[in-house]
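Asks: Supplied in structure tokens, the structure appears directly below.
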Amino acid sequence: MALLQISEPGQSPDPHQRRIAVGIDLGTTHSLVAAVRNGAAECLPDAQGRVILPSAVRYSLDAQGRTRRAIGFEALAAQAEDPLNTVVSVKRFMGRRLADLPDAGKLPYQFVDQPGMVSVKTVAGEKSPVEVSAEILASLRQRAEDTFNDDLFGAVITVPAYFDDAQRQATKDAAQMAGLNVLRLLNEPTAAAIAYGLDNGAEGLYAIYDLGGGTFDISLLQLSRGVFEVVATGGDSALGGDDLDHVLAEAAMVEAGLQAVTPQDKRTVLVAARRAKEKLSTDGSVHLSCALSGGMLSVKVTRERLNELAKPLIDKTLAAVKRVLRDAKVKPDEVKGVVMVGGSTRTPAVRDAVGGFFGQPPLTDLNPDEVVALGAAIQANQLAGNNVQGELLLLDVLPLSLGLETMGGLVERIIPRNTPIPSARAQDFTTFKDGQTALAVHVVQGEREQVEHCRSLARFELRGIPPMAAGAARIRVSFQVDADGLLSVFAKEQISGVEASVIVKPSYGLSDDQVAHMLREGFTTAAEDMKDRALREARVEAERMLEATRTALAADGDLLSAEQRTHIDALMTQIGQRCDRGDLEALEAATKALAEGTEAFAAERMNRSIRQALAGRSLDQI
Ligand code: ADP
Ligand code: MG
């Protein structure tokens, strides 16, 4: 999400004030770390110049019985020889119980079902997915600190949009274990969109198509006011480039007339098939060749042949895309832009098919392996308070909306979430009853429409309002959030000048997860909440009508005939009954009936007051 950039006037950029913040793509097969350097996001390479770190950790014991760990390529190289102690694709186990992992039986690991999530038994003891992920994160942290020769201020870590609370918390715990200060968890598709700078572009819907090695994710994002919201997600957690390797290896074996061979041979063919597949993204044809136990395998593969083999896989992804669009009630041509993520989107047939489906060429300028990490780095840099030119900014945005309780237990939002801070907003409110001399100000936080679903921050009272007719008083309530996130609320009655205020820290005692939870709840209940809000508003309006009618009857009831009086009383009773039921239309109709049924009475009252005024009494005595 874009932060509005506020540079402090007169403060020249001081390079020492720049905080080092990185973006980390903690992937299923690969992980990367990126940072903004000299104004551009780039992935940081290891000592050998490789930016990708395989998400693999191998545990072993040395001669003294001490735990040794190999991370990345080194671990991957040992996978065939020591599968039991080499943990790969650990992301699939994060925050999961054994019951959540239907394919656990096919994996080489000895799982232990712990209360929070499974762990894996290794020679070095039981390792939880959090610990394994922490090893990967610590390795990337080290790489970043070596690159900058400085400590890290913090990191933005990406997670799939569909990750639930437990999976997100596990990711945070891993980061903490790795000594990283988590600035924010960012959804992977949002990171990709940020990398392409879409947050600075046209508002609307964007599709993020992420085809990796073993997973396919499709996300639909809505950009409004520089902020992305995840509208819908879908995909297939067992579909990816690996499947293409399998079909290509199979086809090559069939063509060469070779039979199923040893497990070692199978691996060798798979590796060769993957290499051939990747080469076919740039070349028209390649030779798939490798040495097997029974002799050499060598076949020519053309891109056309690969396209044929890839078609069922690509069609499967498009079926998932269609489902997501259907769920979100969106047509392909309503999508403003399509971002390609994941190594498998380098395959030209994938790009063509996705482009054809959406009727526009997808965005492919950035490296699809790196795009998520790059977006995370851009966000990390902003959250750390650096802008692209390296100037220090006033940072951060409000994570949740701030508002006030109004009649009917409803929330009036004063400062919407994602507003960059510092920020100040004011709104005028008024009294509900005639002669009301005090106002209860209840400050709340959250995205829901009802007070009881939001978080109560503070209450105070504004007293000494001069008695006036309902709705005549003008009370300005101002919200100010300073750069430290401290909220001050002032209420001031404009005529008498009486005022009251309170200061609170909205983030106090609120974890990022609670914030995430409140946000998600707000999104999922939005439609229901709006309905409920309409009903509550109608109730407030009905109450107001009743209150005004009662006041009028008390003052000028003698103007009415017994028959007229009975009619008005009946209309009032009807509102009372309908208020208790949940029927919005009936309640609105009853309120309208009372308004219409008292029109003649109101006119009579008006005439009387004019007569009284003419009799020499001043208007404000009436
Ligand atoms: P993940 O998101 O699962 O960690 P990646 O996004 O890194 O995975 O994608 C890995 C997949 O991308 C592998 O199947 C790999 O073969 C494939 N891939 C990498 N480069 C290319 C290429 N040039 N052409 C086609 N596929 C590629
Ligand atoms: Mg990926």
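The values are calculated or read from the model by the stated rules, or taken from the named source; none is laboratory data. Computed from a predicted structure; not experimentally measured. Virtual Cβ from ideal backbone geometry, glycine too; neighbours counted across all protein chains shown. The area values use the complete protein model at the heavy-atom level, side chains included, leaving out ligands, DNA and RNA. Shrake-Rupley method; radii C 1.70, N 1.55, O 1.52, S 1.80 Å.
Asks: Does region 527-614 come out rounded, prolate or oblate by the C-alpha gyration tensor, with a ≥ b ≥ c the root eigenvalues, rounded set by a/c under 1.5 and, if not, prolate when a/b is larger than b/c and oblate if not?
Replies: Judged from the Cα gyration tensor, region 527-614 comes out prolate (a/c at least 1.5, a/b above b/c).
Asks: A follow-up question, please. Between Asp428 and Ala603, what is 0.36 nm times their sequence separation minus the Cα-Cα distance? Round to one decimal in nm.
Replies: 60.0 nm
Asks: Continuing with this model, one more query. Could you list, bin by bin from short to long, the percent of Cα-Cα pairs of region 42-127 in 10 Å steps?
Replies: With 10 Å bins starting at 0, P(r) equals 16, 43, 30, 11, 0.
Asks: Could you tell me what percent of the DSSP beta bridges with both partners in the chain are antiparallel, to the nearest 5?
Replies: Just about 85 percent of them are antiparallel.
Asks: Next question. Working only with C-alpha atoms, what are the Rg and Dmax values of region 298-410, expressed in angstrom?
Replies: Cα only, region 298-410: 21.2, 78 Å (Rg, Dmax).
Asks: Near Tyr206, within a Cβ-to-Cβ distance under 12 Å, what is the net charge of the other residues, with Lys and Arg +1 and Asp and Glu -1?
Replies: With Lys, Arg at +1 and Asp, Glu at -1, the neighbours total -3.
Asks: Hey, can you grab everything whose amide H is under 5 Å from the amide H of Ala458? Only 5+ residues off in sequence or another chain; H modelled, so Pro and N-termini drop out.
Replies: Long-range HN contacts for Ala458: Val443.
Asks: For Arg50, Arg58, what's the largest-to-smallest order of accessible area, 1.4 Å probe?
Replies: Order by accessible area, largest first: Arg50, Arg58.
Asks: Now for a different question. Could you order Glu447, Glu493 so the one with the most accessible surface comes first? Probe is 1.4 Å.
Replies: In descending accessible area the options line up as Glu447, Glu493.
Asks: On a straight-distance basis, which lysines could pair with Lys492 in a cross-link, Cα separation under 22 angstrom, same-chain partners fewer than 8 positions away excluded?
Replies: Lys433, Lys505
Asks: What accessible surface, in Å², does a 1.4 Å probe find on Ile610, ignoring ligands, DNA and RNA and rounding to the nearest 10?
Replies: Its accessible surface works out to 80 Å², give or take rounding.
Asks: Further, regarding this structure: Taking only DSSP H segments of four or more residues, each worth -39500 (n - 2.57), what value at 222 nm results for the chain once the sum is divided by all its residues, to the nearest 500 deg cm²/dmol?
Replies: Taking each H run of at least 4 residues, the total per residue is -11500 deg cm²/dmol.
Asks: Probe radius 1.4 Å, ligands and nucleic acids left out: which of Glu547, Glu537 has the largest accessible area, and how do the rest follow?
Replies: The residues order as Glu537, Glu547, largest area first.
Asks: To the nearest 10 square angstrom, what accessible area does Phe479 show with a 1.4 Å probe?
Replies: 0
Asks: Right, another one. Arg611 versus Ala554, label points 7 Å from Cα toward the beta carbon: distance in nm?
Replies: 2.3
Asks: If I take the Cα coordinates of the chain and project them onto the principal axes, what are the three extents in Å, biggest first?
Replies: Result for the chain: principal-axis Cα extents of 118, 52, 46 Å.
Asks: So who's got an amide H within less than 5 Å of the one on Asn418, skipping anything under 5 residues away but keeping other chains? H placed 1.01 Å off N, in plane.
Replies: Amide H neighbours of Asn418: Leu398, Leu400.
Asks: Amide H to amide H, which residues 5 or more places from Thr122 or on other chains are under 5 Å from it, using H placed in the peptide plane?
Replies: Excluding prolines and chain starts, which carry no amide H, the hits are Lys127.
Asks: Can you work out the Karplus-derived ³J(HN,Hα) for every residue in region 542-555? Use 6.51 cos²θ - 1.76 cosθ + 1.60 with θ = phi - 60°, whole Hz, and x for glycine or proline.
Replies: 5, 4, 5, 4, 4, 4, 5, 5, 4, 4, 5, 5, 5, 7
Asks: So how much accessible area does Asp62 have, in Å² to the nearest 10, using a 1.4 Å probe?
Replies: Around 30 Å² of this residue is reachable by solvent.
Asks: Report Rg(Cα)/(2.2 N^0.38 Å) for region 163-250, keeping two decimals.
Replies: 1.32
Asks: So if I place +1 on the C-beta of Lys and Arg and -1 on the C-beta of Asp and Glu, and nothing else carries charge, what would the dipole magnitude of region 527-614 be about its Cα centre? I want it in debye, nearest 20.
Replies: Taking the Cα centre of region 527-614 as origin, the dipole is about 280 debye.
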